[in-house]
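So the structure is just underneath, and the comments pick up after that.
The values are calculated or read from the model by the stated rules, or taken from the named source; none is laboratory data. Given the structure is predicted, the values throughout are model-derived calculations rather than measurements. Note that we place each Cβ from the backbone using ideal geometry, even for glycine, and neighbour counts take in every protein chain shown. Please note that ligands, DNA and RNA were not included when accessible areas were found on the heavy atoms of the full protein model with its side chains. Shrake-Rupley method; radii C 1.70, N 1.55, O 1.52, S 1.80 Å.
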Amino acid sequence: MAKKRKACRECHYINEPDNQTCNNCGSSSLTEDWAGYVVITHPEQSEVATEMNVSEAGGYALKVR
Ligand SMILES: [Zn+2]
């Protein structure tokens, strides 16, 4: 069974299952309890990215509990 990837509670970045800290912001507050995967390729042109305060391209969770 595939392990679920972990979303960062701080920046919503999606990290690999084995990560202990966030690849994007370095926070150790990761959770498997998230929903809604969004890929942001051009943060500076994306309304979603602006709303989520995302400045780096990558995969993000819409909702993190
Ligand atoms: Zn993060």
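Tell me, what HN-Hα J-couplings in whole Hz come from the Karplus equation 6.51 cos²θ - 1.76 cosθ + 1.60 at θ = phi - 60° for each residue of segment 3-13, using x for Gly and Pro?
6, 7, 5, 10, 8, 7, 6, 7, 10, 6, 5
Quick check for you: with a 1.4 Å probe and neighbouring chains kept, what is the accessible area per residue of the chain, in Å²?
68
Report the calculated FRET efficiency for residue 57 and residue 35 (r = Cβ-Cβ distance, R0 = 22 Å), to the nearest 0.05.
0.60
What size of dipole, in debye to the nearest 20, comes out for the chain about its Cα centre when the only charges are +1 on Lys and Arg C-beta atoms and -1 on Asp and Glu C-beta atoms?
Charge dipole of the chain: 320 debye, to the nearest 20.
Pairs of Cα atoms under 8 Å, at least six residues apart: use those to get the relative contact order of segment 6-64, whole percent.
39
So for the chain, Kirkwood radius off the Cα pairs, Stokes-Einstein at 20 °C and 1.002 mPa s: how many µm² s⁻¹?
D = 183 µm²/s.
Once every DSSP H run of n ≥ 4 in the chain is given -39500 (n - 2.57) and the sum is divided by its residues, what mean residue ellipticity at 222 nm do you get, rounded to the nearest 500 deg cm²/dmol?
Computed ellipticity for the chain at 222 nm equals -2000 deg cm²/dmol.
Tell me which GluC sites (Glu not before Pro) from segment 1-60 have a DSSP coil assignment and no more than 11 other beta carbons within 10 Å of their own.
Those satisfying the criteria are 32.
Could you work out how much longer the chain between residue 48 and residue 65 gets when fully extended? Use 0.36 nm per residue separation minus the Cα distance between them, nm to one decimal.
Value of the extension gain: 4.3 nm.
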